[in-house]
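*Asks:* Take a look at the following structure, please.
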Amino acid sequence: MYQMKISNLIFFSLLLFVCIGLPAQVTKSVKFNDNQKVLSEHFVRPPMEYRPGAYWMWLNGDVTNASITHDLEEMKDKGMGRAEIYDLLAMYNPGGLYGVGPEFLGDESVKSILHTLAEGKRLGLEIGMVAASGWNAGGPWVSPDWAAKALYSAEISLQGPKLFSDSLPLPHFPKLCPKDKNGVPVYLKEIAVLAIRDNPDKKINNLKDVIILNKQFDGKKLQWQVPEGKWKLIRFVCSNTGQHLIVPSPKSDGLQIDFLDPKATKRYLQYILGRLHITKNNGKTSGLSYLSFDSMEMDEATAWTGNMDSIFQTKNGYNIMRSLPAFAGWKLPGGNEQFLEQFKKTVSDQLIFSHYKTGRDYLAQYGIELSAEAGGPGPPLWNSCPVDALKALGNVNIPRGEFWIRNRYNMFLVKEIASASHIYGLNWVDGESFTTWRRWKDAPHELKKYADRAFCEGLNRITMHNFSNTRPEFGFPGRAYHAGTDINTTTTWWKEAGPFMDYLSRCSYLLSQGKFVADVVYYYGDKAPNFFPELQGSPDRPKLNGLSFGYDFDVINSDILLNKIEVSNGKLVLPDGLNYKLLVIPGRKDIPIEVINKINKLKAAGANIVFLNTAEMPADIKDPILKNISIDNALLKLAIGKDFVADADKFDFIHRKTETGDIYFVRNKTDQEVFEECQFRVMANQVEYWDPVTGKQYQNKNIKTLNGNTKMMLQLAPNASCFIVFNSQKRVLPAYTFSKEVQRSKIEGPWTLSFPKNWGAPESVKLNGLLSWTDYPEDGVKYFSGTATYKNSIEISAESIKKDSIININLGEVLDVARVIINGKSVGTLWTAPFKLNIKDYLKPGTNTLEVQVTNMWINRLTGDMNSTDGKKYCQTNIPYGVKDRFPNTDGDEKFHVQKAGLLGVVLIEEIRSASGKEKKNL
């Protein structure tokens, strides 16, 4: 038995009371209305629809009914609410040892999907499915006539005068374009044959000089009397790009569909639903909640579809034929810029209509929703996503973005998705979450940092990337996709995953309530493609130049500005009530006249509008009052104060407003504890502190109010977060207050640290002091991955038990997840700072046994296997060892190496005296 040494020192410092070990509860209401009560209760135990989901990787399409059921039961048990089937390639499958399954939507695949839908209904889990094997949309059943298409051209020189009677050469087509035995594309549509007088500058002085020879060409031979001089003949045809699915499972490859043809989208979705025996009569009870399209990553080409010429004429009011030479390097009168912009916008609108709106409306007939990563990513990752991102995202039911961990481009596509959801009235802001090239390195406390940033940018629906289906014969960590954070049943910390899932659920739930609050709405122009930000790469949340921290904003496009936004009481208001106080118009010449007219109308109706650079704007803007100043200065002139005032280097926030009050989510951006005053631009009858880690709720009476603002001290642990809830009505809650008396004592060593069998570590070791496992001299400890158990004992006096006090165990630094057990009873799981628990209810006078089960990440054992000199391996996976840096900079993945693990530093018992006897909050 190792007795703790009690220190008699009393530490005086500002600390907040906590009682983490007691069950979360809401005390008796005092005029607490039903909406507030539901909000409070659902925060503690969020409904299933707010719980995280995951891309559920069916690698190589190789699953069994048993592995499906096992995964779903584990998801439900750990607090997930949704599984999204994703059939795709296990890019690494050495020796074929990791399975090859059937063709996606083949008979065997359909049986597995139907089994999943039945199990999802049994367990109450929402089931979605990516609408392809790999991405984006396509398969072996897609034939060239409805596959992706582009415009191609071939050019020859002629000298006149003479009669030309001959065939015309075909353009060069992509390698994968389907062709017959003679090398001619299976799908080929003649678009135009044009004649242009040759000149060294390839310049067209007048479009009337472009001669259309379509009637003289029968598809085989051109009959044309060539006028005198040098001429260029250009043959334009439409054929397939040959773009196939990206990383489909081995038996499921096929052409991608024509995204510009609504008939192709309907035909494609009809095939999927038909294979799954889903009809309009049974769709709502089929168990399939939604289908999804992954990111739009088109091959670079001049996008086209069979009737593109008529689509262009309907949208732009003129025939495209004489402008086609711009695609072959010719210069149109006045330059190519205007025509190419019109064409890009036509492609954007047509793709949004044909693929996203048509897909959404078609599935709605079956009671099924459409989710899509419709808004990019754009440059620098992908330069071939052709859409107005906001409009594309606004035309699906569930807009989805993505955010990565330590991506070399700092890929964090959330703010754009949130803006689209807000302005189109969709509520959900989904995100492909925790995507990365890093393997088995990032524990929940690390993932939380990225989730919290995403929450502050507007995310309220987590779709983890990813949860790979694996089986016992594939070992540990088992079969995995080649990218993504590995969150599944074989991750080391899976048994302790519940509290992390609860945290994500609570945040998603509260951040889905009410409406987003922002002072500013920013018009991002009328071009296509168009993204916000234009370039990915910011290491922090996207910002607007001239708008400082403390204000928030949405981004708006021409569609919503023209068709949805109006003025009421000086505010810019959307149909669902979301409103803004200031419209920002950046300096740009390409604002369409109809948008300018609407801006003038809004201004005349009393809207506040700031024009950032009138020198770069069309002259049609009428009498701008707020002009050529920063957004901050415009807000200052309008006497609009900041919504949240705090140190921008330390804090981030988001604000939502409900019928009964206001909700702020606040996070500590730093790796240090913060304890500072924060100001909120609201007041209420009661101010509450809600802890998303524990679900507990407290009343904060230590506030100051002035001129509609509320000030309070906030103490947040490293990378911690909280909700500050302003309620319109009062209720009785435990107090969020301060204490000055904390008695601390160190739990002395030695400790016994025991390890599980067959993982290369000794049965146990004795530790006089706590150190990282990686600093231990024995390789079995240094390279250990999994759960090891620290054992010790503590002495507690009867007097301490009887006192009106809280007794916390403070584990200090934990890498990575810990479960605390006192006298054989589990107290709880700690996965993020502060690593503290109230253990008083589990203690007895005298000697108490203490066990701390600590789990680290697989990377240490994988590194040990990689460095093994005798060839002995403990882990098994299809993923190759990371023997070198994947990317030569600090933002990419690095080669495998050990990470610190275990309990580090000092473990303390903290006795906190309570004067009132009430449960209180302390960090």
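*Asks:* Taking the inverse of the average 1/r across all pairs of different Cα atoms in region 829-885, what Kirkwood radius in Å do you get?
*Replies:* After inverting the pairwise mean of 1/r, the radius is 15.5 Å.
*Asks:* State the antiparallel share, in %, of DSSP beta bridges confined to the chain, rounding to the nearest 5.
*Replies:* 70
*Asks:* Something else: Of Gln313, Tyr271, Leu324, which is farthest on the positive side of the dipole of region 263-324, counting Cα position, with +1 on Lys and Arg Cβ, -1 on Asp and Glu Cβ, and the Cα centre as origin?
*Replies:* Tyr271
*Asks:* Could you tell me how far the Cα centroid of region 628-703 sits from the Cα centroid of region 129-206, in Å?
*Replies:* Each part reduced to its Cα centre gives a spacing of 57 Å.
*Asks:* Leaving out same-chain residues fewer than 8 places away, which aspartates and glutamates sit with a Cα under 14 Å from that of Lys622?
*Replies:* Candidates past the 8-residue exclusion: Glu594.
*Asks:* On a straight-distance basis, which lysines could pair with Lys175 in a cross-link, Cα separation under 27 angstrom, same-chain partners fewer than 8 positions away excluded?
*Replies:* Lys149, Lys189, Lys220, Lys221, Lys232, Lys251, Lys263, Lys344
*Asks:* Okay, moving on. Beyond 20 Å, what percent of the Cα pairs of region 744-841 remain?
*Replies:* Value for region 744-841 (Cα pairs over 20 Å): 44 percent.
*Asks:* Could you give the length gained on full extension between Glu778 and Asn600, defined as 0.36 nm per residue of separation minus the Cα-Cα distance, in nm?
*Replies:* Here the answer is 56.6 nm.
*Asks:* Please list, or write none, the aspartates and glutamates whose alpha carbon is within less than 17 Å of the alpha carbon of Lys884, excluding same-chain residues fewer than 8 places away.
*Replies:* Cross-link targets: Asp865, Asp893, Glu894.
*Asks:* For Ala720, enumerate residues with amide H under 5 Å from its amide H, sequence gap 5+ or separate chain, H modeled in the peptide plane.
*Replies:* Placed amide hydrogens put Asn668 under 5 Å from Ala720.
*Asks:* A follow-up question, please. What is the spin-label model distance, in nm, from Leu638 to Arg588 if the labels are put 7 Å beyond Cα along the C-beta direction?
*Replies:* 2.0
*Asks:* With the cut-off at 18 Å, tell me which of the pairs Lys564/Lys657; Lys78/Lys495; Lys564/Lys589; Lys802/Lys836 have Cα atoms farther apart than that.
*Replies:* Lys564/Lys657; Lys564/Lys589; Lys802/Lys836
*Asks:* Test of understanding: extend the Cα→C-beta vector of Ser384 to 7 Å, then name every residue of region 272-299 with backbone N under 15 Å from that spot.
*Replies:* Once the point is set 7 Å along Cα→Cβ of Ser384, 295-299 turn out to lie under 15 Å by backbone N, inside region 272-299.
*Asks:* Report ³J(HN,Hα) in whole Hz for each residue of region 760-776, in order, from the Karplus equation J = 6.51 cos²θ - 1.76 cosθ + 1.60 where θ = phi - 60°; Gly and Pro get x.
*Replies:* For region 760-776, the Karplus curve yields x, 9, x, 4, 6, 9, 9, 10, 6, x, 8, 9, 4, 4, 6, 8, 6 Hz.
*Asks:* With θ taken as phi - 60° and the coefficients 6.51, -1.76 and 1.60, list the Karplus ³J(HN,Hα) couplings across region 153-170 in order, rounded to whole Hz; mark glycine and proline as x.
*Replies:* After applying 6.51 cos²θ - 1.76 cosθ + 1.60, I find 9, 9, 10, 10, 9, 9, 10, x, x, 5, 8, 9, 9, 6, 7, 10, x, 7 Hz.
*Asks:* Compute, for region 150-284, the length of the dipole vector about the Cα centre, with Cβ point charges of +1 (Lys, Arg) and -1 (Asp, Glu) only. Units Debye, rounded to 20.
*Replies:* The calculation lands at about 500 debye.
*Asks:* Let me ask something else. Using only the Cα atoms, what convex hull volume per residue in Å³ does region 430-491 have?
*Replies:* Convex hull volume per residue, Cα atoms: 76 Å³.
*Asks:* If you plug each phi of region 504-516 into the Karplus form 6.51 cos²θ - 1.76 cosθ + 1.60 with θ = phi - 60°, what whole-Hz ³J(HN,Hα) values come out, in order, with x for Gly and Pro?
*Replies:* 4, 5, 5, 5, 4, 5, 5, 7, 9, 8, x, 10, 4
*Asks:* In Å and from the alpha-carbon atoms only, list the Rg and Dmax of region 476-598.
*Replies:* Every Cα atom of region 476-598 included, Rg and Dmax give 20.6, 63 Å.
*Asks:* Follow-up. Which of the residue pairs Lys121/Lys280; Lys448/Lys515; Lys391/Lys571; Lys571/Lys598; Lys581/Lys704 have a Cα-Cα distance greater than 20 Å in the structure shown?
*Replies:* Lys448/Lys515; Lys391/Lys571; Lys581/Lys704
*Asks:* Mind giving me the FRET efficiency for Val906 and Asp540? R0 is 41 Å, r the Cβ-Cβ distance, nearest 0.05 is fine.
*Replies:* E(calc), rounded to 0.05, equals 0.80.
*Asks:* On to the next question. Is it possible to state the helix-based mean residue ellipticity at 222 nm for the chain, with each DSSP H run of 4+ residues giving -39500 (n - 2.57), the sum divided by total residues, to the nearest 500 deg cm²/dmol? What is it?
*Replies:* Calculated mean residue ellipticity at 222 nm is -5500 deg cm²/dmol.
*Asks:* So, one more: Cβ neighbours within 10 Å, averaged per peptide: list 211-224, 526-539 in order, most packed at the top.
*Replies:* Ranking, from highest mean packing down: 526-539, 211-224.
*Asks:* Turning to a different aspect of this structure: Considering amide H positions built from the backbone, and no H for Pro or chain starts, which residues 5 or more places from Lys149, or on another chain, come under 5 Å of its amide H?
*Replies:* Here Thr241, Phe259, Trp304 satisfy the definition.
*Asks:* Out of every Cα-Cα pair in region 49-162, what percent are more than 24 Å apart?
*Replies:* The share of Cα pairs beyond 24 Å in region 49-162 comes to 42 percent.
*Asks:* Ok, one more. Work out how much length Val883 to Glu41 would gain on full extension: take 0.36 nm times their residue separation and subtract the Cα-Cα distance, in nm to one decimal.
*Replies:* Answer, rounded to one decimal: 298.2 nm.
*Asks:* Please compute the modelled spin-label separation between Lys266 and Ala364, points set 7 Å along Cα→Cβ, answer in nm with one decimal.
*Replies:* Those two pseudo-labels are separated by 1.5 nm.
*Asks:* Which listed residue (Asn530, Leu770, Gly219) has the Cα farthest towards the positive end of the charge dipole for the chain, taking +1 on Lys and Arg C-beta and -1 on Asp and Glu C-beta about the Cα centre?
*Replies:* Asn530
*Asks:* Name the long-range amide H neighbours of Val429: under 5 Å, sequence gap of 5 or more, or other chain; modelled H, no Pro or chain starts.
*Replies:* Asn460, Arg461
*Asks:* Which length gain, in nm to one decimal place, applies between Asn316 and Asp576 when the Cα-Cα distance is subtracted from 0.36 nm times their residue separation?
*Replies:* Full extension from Asn316 to Asp576 adds 90.4 nm.
*Asks:* Once all Cα-Cα distances of region 560-646 are split into 5 Å bins that start at 0, what whole-number percent is in each one?
*Replies:* 3, 14, 24, 24, 20, 10, 3, 1, 0
*Asks:* So how far, in whole Å, is the C-alpha centre of region 424-494 from the one of region 775-844?
*Replies:* Between the Cα centre of region 424-494 and that of region 775-844, the gap is 27 Å.
*Asks:* While we're here: Along the positive direction of the dipole of the chain (beta-carbon charges: Lys, Arg +1; Asp, Glu -1; about the Cα centre), which of Ser433, Val347, Asn281 reaches farthest?
*Replies:* Asn281
*Asks:* Further question on the same structure: Let me know the whole percent of all Cα-Cα pairs from the chain that are separated by more than 55 Å.
*Replies:* Looking at the chain, the distances longer than 55 Å represent 20 percent of pairs.
Bear in mind these aren't lab numbers, they're just calculated from the coordinates by the rules spelled out. None of the values given here were measured: they were computed from a predicted structure. All Cβ positions, glycine included, derive from the backbone under ideal geometry; neighbour counts span all protein chains shown.
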